[in-house]
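Data first, discussion second: the structure below is written as structure tokens.
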Amino acid sequence: MPSAIIRTSIALACCALLAGCEDVIYFPQPLPHGAHEAITARFPQVEPLQIVRPGGVTLRGWLARGAGAAPRPLVLYFGGNAEEVSWMLGRREALAAWDLALVNYRGYGASEGRPLEADLYGDALAVYDRLAARADVDRDRIVAIGRSLGSGVATYLATQRPLAAIVLISPFDSITAVGQHHYPIIPVRLVVGNRYDSLGRAPGIRVPLLMVTGERDTIIPPDYSARLFEAWGGAKQAVVIPDAGHNDLEESPLFWSAIGGFLTGIR
């Protein structure tokens with residue numbers, strides 16, 4: 001998720017929200033023809049996921065099975081606004097005991113349609129419901145991980161479905177607030193209110209939280225994550241990755257050890 005792309009998306013999002021055109025918030029990363037199947041074949045213990053939503057829109061992704069006997073705990077991962085999520089299949093050492101569900105947003109990967117806030121919320125519920133109904137999933141240990149844009153999706157999910165815990169990576173209080181910070185001359189709040197309003201939802205959420213942020217994040221400055229952390233209604237812990245920005249957190253061993261240690265404590 002290059003910084004230039006994210007900065008550009010914030011600028012376009014502010015202008016688009018003023019014009020009532022929400023969909024340019026997103027920078028979909030599609031996969032070439034046949035790549036989805038090739039990714040499935042490359043990784044052992046991975047099965048393709050396909051969920052058909054109202055209107056005939058098909059979401060596609062993967063379920064990577066963890067070690068151990070079923071039923072196993074499950075992580076649902078929601079990525080950023082310029083992120084195709086298959087990269088996580090090759091970087092899941094800290095999640096090895098957990099099943100890992102990776103479903104690309106509409107327009108991303110091999111998923112159909114175009115992303116809009118309400119649809120992404122509904123899709124998250126559909127993914128949860130499909131996987132929670134499986135006999136090999138431990139419904140009492142389902143965790144959501146949301147990164148950047150995905151933090152808003154995961155936070156919404158926590159208000160609608162039971163989660164054992166939630167991990168928010170580089171989260172914001174709302175997209176509108178971050179846009180207002182980067183482009184203060186545009187009266188974003190006055191015109192459109194809050195989009196992906198995690199801050200408004202946080203006080204009522206009792207789900208245990210791990211928040212992981214980069215010390216030098218200039219895309220979502222630390223204050224915008226800190227406000228969400230302070231408002232969270234449940235048990236919470238924060239980990240700051242030294243010298244990391246918005247897009248390079250996963251290069252630090254501390255990133256994976258923090259998430260792995262947090263998940264190990266979930267019973």
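Only the coordinates and a few stated rules stand behind these numbers; no lab work does. Please read all numbers here as calculations on a predicted model, not as lab measurements. Glycine gets a Cβ as well: all are built from the backbone with ideal geometry, and neighbour counts include every protein chain shown.
Here are some notes:
- Cα-based Rg / Dmax (Å) for the chain: 17.4, 56
- Cα-derived Rg over Rh, computed across region 143-267 with Rh taken as Kirkwood radius: 0.97
- Residue exposure sequence - 223, 138 - by fewest surrounding Cβ within 10 Å: 223, 138
- Remark: spin-label model distance residue 251-residue 267 equals 3.9 nm, labels positioned 7 Å along the Cα→Cβ axis.
- Put simply, when 46-55, 148-157 are sorted by average Cβ atoms within 10 angstrom per residue, most first, you get 148-157, 46-55.
- Here the extension length gained between residue 134 and residue 159 equals 6.8 nm, from 0.36 nm per residue of separation less the Cα-Cα distance.
- Shown for 174, 198: other C-beta atoms within 10 Å of each C-beta, ranked fewest to most, produce the order 174, 198.
- Taking the chain and dividing mean pair separation by its residue count, relative contact order in percent (alpha carbons under 8 Å, at least six apart): 17 percent
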